[in-house]
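The values are calculated or read from the model by the stated rules, or taken from the named source; none is laboratory data. Everything numeric in this text was worked out from a predicted model, so none of it was measured. Don't worry about glycine lacking a Cβ; one is built from the backbone with ideal geometry, like all the others, and counts go over all protein chains shown. Ligands, DNA and RNA are stripped out before the accessible areas are found, and what is left, the full protein with its side chains, is counted by its heavy atoms. Shrake-Rupley method; radii C 1.70, N 1.55, O 1.52, S 1.80 Å.
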Amino acid sequence: MIQSNLIRLFEDSIRMNWDRPAMSDYGHARVYTYGDVAERIEKIHLILRQAGIEKNDRVALIGKNSSNWAMTYVATVTYGAIVVPILQDFKPGDVTHIVNHSESKLIFAGDPLWEQLDIHAMKGLMAAISVNDFSVLAVQTRQQTKEELKAALKQAKKEQDNKDLEAEDVAEEIPIIDASILSPDTIDQLFEEKYQGNFHRDLVRYDYKDNSEIASINYTSGTTGFSKGVVTPLNALAGNVSFGLSTKIAFPGSRFVCFLPLAHAYGCAFDFLSNFCAGGYTCYYGRPLAAQILLRAFAEVKPTTIFTVPLIIEKIYKKMIQPLLEDPTKSWVLSVPLMKDAVLMTIRKRLVKAFGGEFTQMIIGGAALNADVEAFFHKIKFPFTVGYGMTECAPLISFAPYNEFIPNSCGRVLPLMQARIANPNEQGVGEIEVTGENVMRGYYKNEEATALTFSEDGWLKTGDLGVIDENGNIFIKGRNKTMLLGPSGQNIYPEELEDKLNNMPYVLESLVMQREDKIVALVYPDMEAVDANKMTQEQIRQRMEQNRKLVNAQLAAYEQIHEIRIYPHEFEKTPKKSIKRYLYNANMGE
């Protein structure tokens, strides 16, 4: 068990860093100190108390990256409830499923997102609170019983002295909770009554919750039937945070720009939790990921450490560096040793300056980095490293600082984790399995999936194929799982997309995979239906394009199918009738 208790880490950081800047939202002038954050946490505690939330009740949280999102997360955990972070990219139906499956009693949601949701479809939900300004978005209602209607009618007749009042004149829907008791005005009044204008750091004392207890349930996917809620104990989060503190990735006064989704384990653990517990400052970037605006944020904040995903780095590489390397009027310089070194150092300086100029290292995770980009970064001695993790480990499994990073690896296994290779082949490649402090408790209400994910002796099966050298460095060779990764590290499950595609007209079966960061689907048409309707090849293509648009309308932005390619015959299958996916990884041709 990790010695540092997560709730005590929150508490200590707030008390020790009371007047330090804690967080802000990019594009907004307001900077919240740790004292400001403490006051907001206390007010959210009052909201939870007014709503009747008890210890270990689930509280859902969905919205863009923001200070309010971060403060709501800390408030929920320090209250003793279990937070259910939901990616804002999920479709309304998926969000509804997660809220219901997690049995959440309250949801904090971004206003535009809430407009697409229906509280009546979320049966256990009592109320929805705006994560933008903490106003009440909606309260749950229920239908009155006949006895209640009769009593209300009798009372109404008595009060109005109206014998002709009919039952239908009495409202049939009554709120489960009074919205007024959750309003900002009420909460402010309760706060003032409790503290009389004298709220200070010594009053920040949160109820103890053991690290073995649950902190959050993170859903790796939102689509019904494939959803898996990762049950994360406080211990796993404390393990990641403690590592961030001990390695000085985050420290008092460190500065981060958080553009990775907060509802995703990677951004949550380091951009947010580690930096907050260290006494650092995080600027939350809640806008669409546009490289030009993001670089502007880096220039303004001047982060001390940068957490990113390969897609961002690869885009900047292609935009800023590749044109220089491929320009025939300049590329000859790279063939002259002395001039080559000077050019490469100029590129390095330009790249460091583009990211603010003051970071000690860039940490890349969430997906594999392009081999050419990695090789070039090594050549120019750019301070970067590649880590490895998964939501089930909250997320970190391996990491090495940039000056100890071994090329093509994804760092060393963490001291608080162990890793092994299961069933290695002649080259030593096998499935990576891990155990240790960061590992989840299992999947919420999904014993079957939990059993399949752990070995008989309790090690977590990562689904990744690789080798581990004598120094504990992990080298991933490929994915045993079918899971794909979106541009910000979001999990994409091809089976979900195939399920939807296979329900489309003229589709017999499909196979979804990723090519150059784009989702591509191979489709074998229903030839019986095609022949019956005497369709031409062009008509089949047009129909598949229509299918693609119809399916994309049901998918999150990061899951969008870029192209459908017609496959000429049925896919080869195993005896269990599963498609042999590995046969199609190398050749995506028609």
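So if each residue of separation counts as 0.36 nm, and I subtract the Cα-Cα distance between Lys154 and Arg515, what length gain in nm does that give?
Fully extending the segment from Lys154 to Arg515 adds 123.1 nm.
With 25 Å as the limit, write out which pairs from Lys64/Lys302; Lys353/Lys381; Lys248/Lys461; Lys318/Lys549 have Cα-Cα distances beyond it, or answer none.
Over 25 Å apart, Cα to Cα: Lys248/Lys461; Lys318/Lys549.
Work out the charge dipole of the chain with +1 on the Cβ of Lys and Arg and -1 on the Cβ of Asp and Glu about the Cα centre, then indicate which of Val230, Leu452, Ser242 is farthest towards its positive end.
Ser242
Could you sort the peptides 532-542, 507-517 by per-residue average Cβ neighbour count (10 Å cutoff), highest mean leading?
507-517, 532-542
To the nearest 10 square angstrom, what accessible area does Asp207 show with a 1.4 Å probe?
Counting only protein heavy atoms, the figure is 120 Å².
With every protein chain in place, what's the accessible area of Arg30 (1.4 Å probe, Å², nearest 10)?
Taking all protein chains as shown, Arg30 has close to 130 Å².
Starting from the 7 Å offset along Cα-to-Cβ, what nm value, one decimal, do you get for the label separation of Asn198 and Glu456?
6.6
Quick one: with all protein chains in place, what share of the accessible area of segment 1-123 is carbon or sulfur, to the nearest percent (1.4 Å probe)?
Roughly 44 percent of what the probe reaches on segment 1-123 is carbon or sulfur.
How high is the relative contact order of the chain, in percent, with contacts defined as C-alpha pairs under 8 Å that are six or more residues apart?
11
Which value in nm describes the separation of the simple spin-label points at Ala375 and Tyr208, placed 7 Å from the Cα toward the beta carbon?
Output for this residue pair reads 5.7 nm.
Kindly give the semi-axes, whole Å and largest first, of the ellipsoid equivalent to the chain, taking each as the square root of 5 times a Cα gyration tensor eigenvalue.
Values for the chain, descending: 43, 34, 23 Å.
Suppose the Debye formula is applied to equal point scatterers at every Cα of segment 517-556; what is log10 I(q)/I(0) at q = 0.24, 0.30 Å⁻¹?
After summing over all Cα pairs, the log10 values are -0.88, -1.10.
Any chance you could check the Cα centroid distance between segment 351-375 and segment 118-143 for me, in angstrom?
42
Any chance you could run the full-extension gain for Thr346 through Thr435? It's 0.36 nm times the residue separation minus the Cα-Cα distance, nm to one decimal.
Roughly 27.7 nm would be gained on extension.
Please compute the per residue accessible area over segment 403-530 with all protein chains in place, 1.4 Å probe, rounded to a whole number of Å².
Result: 47 Å² of accessible area for each residue.
Give me P(r) over segment 367-436, computed from all C-alpha to C-alpha distances, binned every 5 Å, as integer percentages.
4, 15, 22, 21, 19, 13, 6, 1
Run the dipole for the chain about the Cα centre, Lys and Arg Cβ at +1, Asp and Glu Cβ at -1, nothing else charged, and hand back the magnitude in debye, nearest 20.
Its charge dipole is roughly 1700 debye.
To the nearest 500 deg cm²/dmol, what mean residue ellipticity at 222 nm is calculated for the chain from DSSP H runs of n ≥ 4 alone, each contributing -39,500 (n - 2.57), summed and divided by the residues?
-9500 deg cm²/dmol
Compute the normalised compactness of segment 1-102: alpha-carbon radius of gyration over 2.2 N^0.38 Å, N being the residue count.
1.16
Could you list the square roots of 5 times each eigenvalue of the Cα gyration tensor of segment 500-577, that is, the equivalent ellipsoid semi-axes, sorted largest first and rounded to whole Å?
Each semi-axis is √(5λ); the values are 21, 17, 11 Å.
What shape does segment 217-301 take by its C-alpha gyration tensor, where a ≥ b ≥ c are the square roots of the eigenvalues and a/c under 1.5 counts as rounded, a/b above b/c as prolate, and the rest as oblate?
Note, shape of segment 217-301 comes out oblate.
Over 23 Å between Cα atoms: which of Lys500/Lys580; Lys91/Lys477; Lys518/Lys580 fall into that group?
Lys91/Lys477
Using alpha-carbon positions, what is the distance between the centroids of segment 242-301 and segment 191-206, in Å?
Between the Cα centre of segment 242-301 and that of segment 191-206, the gap is 29 Å.
Give, to the nearest whole percent, the P(r) tail of segment 1-58 beyond 16 angstrom, counting all Cα pairs.
58
Note down the relative contact order for segment 379-485 as a percent, whole number, built from C-alpha pairs under 8 angstrom at least six residues apart.
Relative contact order of segment 379-485: 23 percent.
Over segment 409-468, what per residue volume does the convex hull of the Cα atoms give, in whole Å³?
Dividing the Cα hull volume of segment 409-468 by its residue count gives 89 Å³.
In percent, how large is the relative contact order of segment 379-428, given Cα pairs closer than 8 Å and 6 or more residues apart?
In percent, rounded to a whole number, it is 29.
Of all the accessible heavy-atom surface of segment 394-514, with the other protein chains kept in place and a 1.4 Å probe, what percent is carbon and sulfur?
Result for segment 394-514: 45 percent of the exposed heavy-atom area is carbon or sulfur.
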